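Inspection log for the structure reproduced underneath, given as structure tokens.
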Amino acid sequence: MKIVAMDTTQIEGGLALLDGDAILAHSTLTKGAGLVVTLPEMFQAFIQKADWAVSDLDLIAVTLGPGGFTGLRIALGFAKGLSLSQNLPVVGVSTLAVIASGWSLEQHPRLVVMDARRGEVFVGLYQPDEQQNMQPLIDEMAWNPNDLVQNLSDNTTTLGKMFTNSTIPLIGSGVGVYGDLFKKALGSQLQIADEGLWHPDPVQLARLGRLRFMQRGADPVETLYPSYIRRSDAELTLMKAKQITAD
């Protein structure tokens, strides 16, 4: 199966081209002139390097978020455009699920904490099924890190019950920002992934997209929307302005 996978949910994006399990091309996308320019350029370069036509692709895998409000729309918009223009199947995958899939922990759950700025982290809890497809155990949410720690430390909460007297596998960019808080509160209970696994890998996205496509087929393009989880700064500013005007 010929797959292109693309992610622009972070400060830097990623693009990968796979033929079955073979990785034909894999690159980080830096902002440079802007991901909206570099993503299509790198995609064309990858297709030419593989000596493929765009119509040769069997699947497009793309992250839906959470992530940067502007960035995550770039890959999704490009993927939807390719899908519609070339009649190609597309699968959307959570950014947190992609991060979770990069850590080999057999069948164990892993807690993903992505830095969401504004003093919050995006949180997801995933466990692989028998085919290594990441299954969500809780709804993805934005958490205050202190509230997250309190929930993990309390064996009466949903998260606390899941990790009572067991290791908490922690992965994601939120570890880099709030690692001291997590370590101080949870100590030896933590198992922290290597820093190189904290960000979404487009190769893992391609593999996860293929699994989901085989299990449930393609996603209808019209149903694919960014997963923001919370409102943007611009929306919050507008809401505050309206409230001030109303008062």
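Of all residues in region 186-197, those being of a type in the set (A, V, I, L, M) and either touching a Phe, Trp or Tyr at 6+ places or on another chain (Cβ under 7 Å) or in a loop (DSSP other than H, G, I, E, B) (or both) number 3. Listed by first and then second residue, the pairs with beta-carbon distance under 6 Å, at least 6 apart or on different chains, first residue in region 132-159 and farther than 30 Å from PHE213 by Cα, second at pLDDT 95 or above and of a type in the set (Ser, Thr, Tyr), are PRO145/TYR178. For region 22-46, the set of residues classified as of a type outside the set (S, T, N, Q) and either under 17 Å from THR95 (Cβ atoms) or touching a residue at least 60 places away in the same chain (Cβ under 8 Å) (or both) consists of ILE23, HIS26, LEU29, LEU35, LEU39, listed by residue number. Among the residues of region 9-20, those identified as at negative phi and modelled with pLDDT of 95 or more are GLY14, LEU15, ALA16, LEU17, LEU18, ASP19.
Among the residues making up region 164-185, a single one is assigned to a helix (DSSP H, G or I) and closer than 18 Å to LEU137 by Cβ: GLY174. Does VAL121 satisfy the condition of being in contact with a Phe, Trp or Tyr (Cβ under 7 Å, 6 or more places away or on another chain) and assigned to a strand (DSSP E or B)? For VAL121, the condition - in contact with a Phe, Trp or Tyr (Cβ under 7 Å, 6 or more places away or on another chain) and assigned to a strand (DSSP E or B) - is met. Residues in region 51-60 include at least one that is modelled with pLDDT of 95 or more and within 20 Å of the chain's Cα centre (by Cα). Counting only residues that are in contact with a Pro (Cβ under 9 Å, 6 or more places away or on another chain) and not hydrophobic (A, V, I, L, M, F, W, C), region 66-93 holds 4 of them.
The requirement of being surrounded by 13 or more Cβ atoms within 10 Å (Cβ to Cβ), among the aromatic types (Phe, Trp, Tyr), touching an Asp or Glu at 6+ places or on another chain (Cβ under 9 Å) and in the same structural domain as LEU17 (by TED's automatic domain parsing) is not satisfied by PHE78.
All told, LEU72 meets the bar of being crowded, with 20+ Cβ neighbours inside 10 Å, modelled with pLDDT under 95 and in a helix (DSSP H, G or I).
Filtering region 129-163 to residues that are assigned to a loop (DSSP other than H, G, I, E, B), closer than 26 Å to SER104 by Cβ and of a type outside the set (A, V, I, L, M) leaves ASP129, GLU130, GLN131, GLN132, ASN133, ASP139, GLU140, PHE163. Scanning region 21-67 for residues that are part of a loop (DSSP other than H, G, I, E, B) and either β-branched (Val, Ile, Thr) or surrounded by fewer than 19 Cβ atoms within 10 Å (Cβ to Cβ) (or both) yields a total of 10.
The values are calculated or read from the model by the stated rules, or taken from the named source; none is laboratory data. All values reported here derive from a predicted model rather than from experimental measurement. Neighbour counts run over all protein chains shown; Cβ positions are idealised from the backbone, glycine included.
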